[in-house]
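I have placed the structure first, in the form of structure tokens, so that the comments after it can refer back to it.
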């Protein structure tokens, strides 16, 4: 949606109290309202704004804001229901990178975050226009505006000049600013979700009198579930439904609902939403399905106009099991059990499966939201709710799409420090790769992009609902393993072998035991036991012997987890031993939780069980001390769950990482290069070698020496100048759109002497007649490791940086890792160490390690270039030659598209 000026988009955002405002550029037709904004101010506020209480100032301010557009000036206003409630402006006075800013907020609406929100949007706009500093003059007694600047999160300096204060605000993006914006956004988001998840009054619109309607099912669930607040129904043909008072319309209700459940036919949804908005409803839960595009747009316009948060449409509903509320506005078969797991899904079917699986495990739910078509409330909203609700310690997500992945990533990184966040990685397949794409773009599948997002955010991504429940059972009941070293104990040797295979396939290690440990365990086990790893305790093992064995293994420093694999035997049945009681009935008095540390001061070691006769895929076995032990039906499930837990532990132990400052970066020049190219190529395209080299130089990305030649004689001269000690050069053909030179046989290697250079040039002229625009001459590169570094700009996820083995076989070998930009120092470390070729970089073949610091710099500078330039659709550096002494790009291709910059962290609703 854009404003009538057609410039900056009109957006909606949340104020500190959770209400919705529209932020848009000022238009000429706003003059009267802007004048009224100032005229209705008290004399004191007028004086603070204009340093004098003159009513003439109102007319002049409105004239300035509504004047025709001019360079260096921007004015944004905030409005609600068509009423202007705030204005913010900046003016560079005709040019430069410094602008003066001013703010005005309607009387009676201060302390709701209007001014701060407007300034955040001005900061984003100013950065896009190359403005680096805001200045503002204020009276020293104007504490509100001075506090606004102080709380922004940006570096601010003050200079007192008598009764006035000169504020200078540095607009450079920093983590401190993003953190401050996040905190404000989180507070506003939580306030807006209160009417949705903690409503005092709920109404169901579309509750039918006959059985079978969705609305009636939701009303029954709310009523039977014991919702503790006021419950109402809306039906024009009934005065009572299921014992709940019913009224003909929302406007006829005796109290304005906080939340209305909309279960009317799709055609009636927009009108119902508008009626709710006019009545003052704060939130909608639309379970109706089948809305067409016009109905969907009308629904969203009603929600934004009247400031209502929306879940759905086409969803199962939502629940909050807080005993003081007991809100169950779903049409699922059963009520969720109260507990500490937060669940958010897009698919109602997946939601039912997750709720059923959690119920079988005995894990209760704190809140459940079926997001449906996800027009508004998202997984990001729910993560923030669970972070602060005081009840949730486990978050489960099923997200088929992402509205703002970079915002989700920042939120998830914070939340996963406090609780496990697990998701089903839906939509992993890729419809196909672009045939005429660079190596980087061909490798950058949507699967790789999602995996990078989840890894960097610390989210545990599983491939199915079953796998998610397996991991959730372990993380809910057991401590995280300190590493990947697992000890297997079994009463059947064959079952132990299956478990060992499963652990190896999951990336877990089985450490050998020391001779002292072997003797210790043999002393605890029956005769005939084999104490390797796995430990075969034999079918003769008793409950007490097994308990002692497991307890001793948990004390071994080289063991991070214990996997107990049991099969039913006639021996145990005859003796009355229940081997699983070795875990569920702890013997040690000071043991606090089953399967955990046995001796005070020792690290916690998770213990999980596999019972091959078990019917359910996973269950939690209650222990006598109130804890539980996860039990799986087969070893692969247990191994997968342990691997997920180990990865989470490793992620938590990592430093958060920072985005390093880079020297020698000329962002302004890079923008000029991109703008100049796009002015000459409005549809975008691949940069020619000279423009590409100029762009890389803006970021200090090292390239092997090269020269451009358009004639045979120029090629000879260039070759003479660039020849190394061995006298050999390389010639590469070029024409617009040429991507894979090797496939086109457009490269000549090992050229010696003028005659070979001339012959190579003539060959290109003959074979590529009508295409060839010139050639690139380079000295023959020294021996080294050929790598690939590249980036693809995903329109949803942002820039994805790829790294791995390069050369002509890069796509065949597919040895790549990927991370989303901007890269931190930790991300760069992961990129370099994750591919299978990583040992080559560290000198595995005896040639010594490559210049790792220089390689890190190439990746960081590539990330910075992609983050700075939204026009950069893809960049492909292949090969990047790495040697012990240097790293340089031998061949670079960059494609630009005419894209407007978008601030992914700007506060706005979808």
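Bear in mind these aren't lab numbers, they're just calculated from the coordinates by the rules spelled out. Model, not experiment: these values are computed from the prediction. Heads up, the Cβs are rebuilt from the backbone with ideal geometry, glycines too, and the neighbour counts pull from every protein chain shown.
Per-residue Cβ neighbour counts within 10 Å put 149, 51, 368, 768 in the sequence 51, 768, 149, 368, beginning with the fewest. Protection proxy ranking for 676-682, 287-293, 479-485, using the average of other Cβ atoms within 10 Å per residue and placing the highest first: 479-485, 287-293, 676-682.
Panel order for 120, 141, by other beta carbons found within 10 Å of each beta carbon, from fewest to most: 141, 120. Distance from the alpha carbon centroid of the range 846-877 to that of the range 12-49 works out to 46 angstrom.
How do 226-233, 833-840 rank on mean C-beta neighbours within 10 Å, highest first?
Values: 226-233: 18.5, 833-840: 16.1.
Descending mean neighbour count gives 226-233, 833-840.
Ellipticity at 222 nm from helices only: DSSP H runs of n ≥ 4 in the chain, each -39500 (n - 2.57), divided by the residue count, give -11000 deg cm²/dmol. Contact order, relative form, for the chain: 8 percent (alpha carbon pairs under 8 Å, 6 or more residues apart, mean separation divided by residue count).
Once the Cβ-Cβ distance of residue 555 and residue 663 is raised to the sixth power relative to R0 = 51 Å, the FRET efficiency obtained is 0.50.
Computed from label points 7 Å out along Cα-Cβ, the spacing between residue 44 and residue 158 is 1.9 nm. For the chain, DSSP calls about 65 percent of its internal beta bridges antiparallel. For Rg/Rh (Cα atoms, Kirkwood Rh), the choices are [x] 0.96; [y] 1.03; [z] 1.08; which was calculated from the structure? Given [x] 0.96; [y] 1.03; [z] 1.08, the structure-derived one carries the label [y]. Residues of the range 28-48 with an amide N closer than 18 Å to a point placed 7 Å from the Cα of residue 129 along the Cα-to-Cβ direction: 28. A Förster radius of 22 Å, combined with the Cβ-Cβ distance separating residue 676 from residue 697, puts the computed FRET efficiency at roughly 0.90.
Using a/c under 1.5 as the rounded threshold, could you call the range 720-850 rounded, prolate or oblate? The axes a ≥ b ≥ c are square roots of the C-alpha gyration tensor eigenvalues, and prolate needs a/b larger than b/c, oblate otherwise. Verdict is oblate for the range 720-850.
With a simple spin-label model that places each label point 7 Å from the Cα along the Cα-to-Cβ direction, the separation between residue 836 and residue 168 comes to 5.7 nm. Spacing of the modelled spin labels on residue 750 and residue 509, each 7 Å from Cα toward Cβ, amounts to 4.4 nm. Average 1/r across all pairs of distinct alpha carbons in the range 785-896, invert it, and you get the Kirkwood radius: 13.8 Å.
So how far, in whole Å, is the C-alpha centre of the range 192-266 from the one of the range 646-712? Computed from Cα coordinates, the inter-centre distance equals 57 Å.
Residues 272, 305, ranked from the fewest to the most other C-beta atoms within 10 Å, line up as 305, 272.
Rounded, prolate or oblate for the range 11-172? Axes are the square roots of the Cα gyration tensor eigenvalues, ordered a ≥ b ≥ c, and the cut-off for rounded is a/c under 1.5. Rounded shape, in that the Cα axes give a/c under 1.5. Classification of the range 335-404 by its C-alpha gyration tensor yields an oblate form. The axis ratio a/c (a ≥ b ≥ c) is 1.5 or more, and b/c is at least a/b.
Length available on full extension from residue 523 to residue 209: 0.36 nm per residue minus the Cα-Cα distance, which gives 105.8 nm.
Between the beta carbons of residue 224 and residue 844, assuming R0 = 60 Å, the FRET efficiency works out to 0.35 to the nearest 0.05.
In units of the rule-of-thumb radius 2.2 N^0.38 Å, the range 672-743 shows an alpha carbon radius of gyration of 1.29.
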